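The values are calculated or read from the model by the stated rules, or taken from the named source; none is laboratory data. Predicted model, so just to flag it, every value in this text is computed and none were measured. Neighbour counts are summed over all protein chains in view; Cβ atoms, including those assigned to glycine, are modelled from backbone coordinates with ideal geometry.
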Amino acid sequence: MTRLTFVALALLFGASACDANPKGSAVSNTDAQEAAAQPVLLKASDGVTVHGFWYKAAQPKALLLLFHQARSSKDEYAAIAPRLVEAGYSALAIDQRAGGELFGKNETAAALGRKADYLEAVPDLKAALNWGRQQKLPIILWGSSYSSSLIFPLAAGDPQGIVALLSFSPGEYFDSDKQMVRTAAAKVNVPVFLASTQDEKSEADPVMAALPKNSANIRFVPEHGVHGSSMLIASRNPQGAEANWNAVMRFLQGITATK
């Protein structure tokens with residue numbers, strides 16, 4: 001990526017709030033009892049209303065901002081967020097404007113009334129980050145597929161309050177610049193948990209290699225995995241979901257033990 005392109009992207013993140021598409025049809029949310037989710041409306045810098053669900057822990061150790069994959073919505077996290085709350089983490093899951101109805105209705109995309117590309121979701125992520133800072137908690141960014149790539153330039157360009165990243169199936173999914181994610185990753189100075197399947201290593205490994213050396217970084221290739229955050233959903237990944245959860249929780253506990 002040219003320096004000019006990176007600067008422009010950083011400014012976009014600072015000013016605002018290719019995905020390998022998952023296979024299969026709509027997924028049920030019977031994997032875990034759904035925690036009470038409070039609807040939240042955010043306003044992106046360009047005026048778009050971003051819909052979200054806030055899952056609030058009683059005594060949160062940190063706040064996780066949960067971003068979904070392509071053709072998806074905040075409901076990607078309906079079975080994931082309650083487990084995070086049970087472990088002591090609050091979470092905000094949003095509907096990015098680049099999404100769909102794989103797991104449930106994407107209210108942001110539906111209201112937009114047109115198809116949005118992945119980079120158009122940048123102000124939505126930024127709006128979630130701005131909201132997260134108001135909660136006065138350590139912030140952990142969590143992305144799935146295309147959004148797992150976008151969290152790197154978000155953290156690199158606007159790092160205040162961010163203490164860690166979890167990136168599920170990242171890659172250089174953006175046709176405008178095929179080194180954008182690696183260039184941003186090189187500027188991320190917090191611990192990163194980077195997960196992908198064996199088949200996705202060619203996309204994910206270069207992102208991992210670009211990160212600054214940090215003993216807390218984790219490169220996780222599950223024995224049984226599927227694309228994106230779905231590797232933690234039992235109905236999508238019955239053989240591997242629990243083992244993958246164990247790896248995620250070890251990382252989170254290590255990050256928040258001293259926060």
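With respect to the conditions (1) under 23 Å from Ser45 (Cβ atoms); (2) at pLDDT below 95, Asp175 falls short on a single one, namely (1). When every residue of region 135-143 is checked against the conditions, none turns out to be touching a strand residue (DSSP E or B) at 6+ places or on another chain (Cβ under 8 Å), part of a helix (DSSP H, G or I) and not hydrophobic (A, V, I, L, M, F, W, C). Cβ separations smaller than 8 Å between residues 6+ apart or across chains give the following pairs from region 146-158 residues that are over 15 Å from His68 (Cα atoms) to residues that are surrounded by 24 or more Cβ atoms within 10 Å (Cβ to Cβ) and small (Gly, Ala, Ser): Pro153/Ala184; Ala155/Ala184; Ala156/Ala184; Ala156/Ala185; Gly157/Ala184.
To keep it simple, each residue is scored yes or no on (1) in a loop (DSSP other than H, G, I, E, B); (2) more than 17 Å from the chain's Cα centre (by Cα).
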| residue | (1), (2) |
| --- | --- |
| Leu165 | no, no |
| Tyr173 | yes, no |
| Asp205 | no, yes |
| Ser230 | no, no |
| Gln239 | yes, yes |
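Could you look through region 212-259, keep only residues that are among the charged types (D, E, K, R) and more than 23 Å from Ser72 (Cβ to Cβ), and pick out the one that is surrounded by the most Cβ atoms within 10 Å (Cβ to Cβ)? Going through the qualifying residues, I end up with Arg219. The residue that is surrounded by the fewest Cβ atoms within 10 Å (Cβ to Cβ), counting only those in region 72-113 that are more than 22 Å from Ser45 (Cα to Cα) and in contact with a strand residue (DSSP E or B) (Cβ under 6 Å, 6 or more places away or on another chain), is Val85. Within region 61-75, the set of residues being of a type in the set (S, T, N, Q) and touching a helix residue (DSSP H, G or I) at 6+ places or on another chain (Cβ under 6 Å) comprises Gln69 only. Against the list (1) surrounded by fewer than 24 Cβ atoms within 10 Å (Cβ to Cβ); (2) of a type in the set (A, V, I, L, M, F, W, C); (3) within 22 Å of Gly52 (Cβ to Cβ), the condition Phe174 fails is (3). Within region 96-112, the presence of a residue that is more than 30 Å from Gln198 (Cβ to Cβ), at pLDDT below 95 and of a type in the set (Asp, Glu) is excluded. Go through the residues of region 13-36 one by one and say whether even a single one is modelled with pLDDT of 95 or more and among the aliphatic types (A, V, I, L, M). No, region 13-36 contains no residue that is modelled with pLDDT of 95 or more and among the aliphatic types (A, V, I, L, M).
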